[in-house]
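Below: the structure, in structure tokens.
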């Protein structure tokens with residue numbers, strides 16, 4: 001397999017991982033479950049303002065949802081205006097997906113999270129490299145992948161695994 005094919009494969013996983021991370025961050029769904037909830041009074045004033053629509057029902061929310069919303073609001077407040085704009089855009093893309101597409105992405109996110117840290121890092125690095133390519137080259141690589149049959153894609157995946165094993 002060529003380096004380009006290897007980058008393309010990793011870039012696909014990494015693109016999925018990044019999109020899901022940002023989409024789940026926006027809805028507070030990707031956090032690990034904590035042991036307990038978050039008391040509304042312990043939130044910073046900026047977090048309370050950001051989460052004000054939940055104030056009336058906060059105590060009825062599951063503890064893991066409270067913690068996820070609290071973490072998500074902290075991340076949101078730490079973002080630059082450009083990062084917030086990009087996050088909103090990705091969230092809108094997420095909302096535009098069908099329920100089946102969302103579930104497929106959730107499954108792939110779980111697969112990614114189940115990978116060993118070194119494989120996750122490799123995928124992230126390939127994603128970084130992929131994003132540094134010119135847009136037209138990225139589009140060509142995506143088109144080539146889409147045009148492959150499932151069997152061709154499987155052969156590419158197997159070659160990547162063999163290459164990593166050596």
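Throughout, read-outs are computed from the coordinates displayed, never taken from laboratory work. From a predicted model like this one, the values you see are computed outputs, not experimental measurements. Here Cβ is always computed from backbone atoms with ideal geometry, including for glycine, and neighbour counts include all displayed protein chains.
Quick check: residue separation of residue 40 and residue 59 times 0.36 nm, minus the Cα distance between them. What number comes out in nm?
Result for the pair: 6.1 nm of gain on full extension.
How do 155, 110 rank when sorted from fewest to most other Cβ atoms within 10 Å of their own Cβ?
110, 155
Suppose R0 equals 35 Å. What FRET efficiency, 1/(1 + (r/R0)^6) with r the Cβ-Cβ distance, do residue 100 and residue 121 give to the nearest 0.05?
0.70
Let's test the formula: R0 of 30 Å, r as the Cβ-Cβ distance of residue 166 and residue 107. What FRET efficiency results, to the nearest 0.05? Walk me through the intermediate numbers first.
Values: r = 29 Å, r/R0 = 0.98.
Once the sixth-power term is evaluated, E becomes 0.55.
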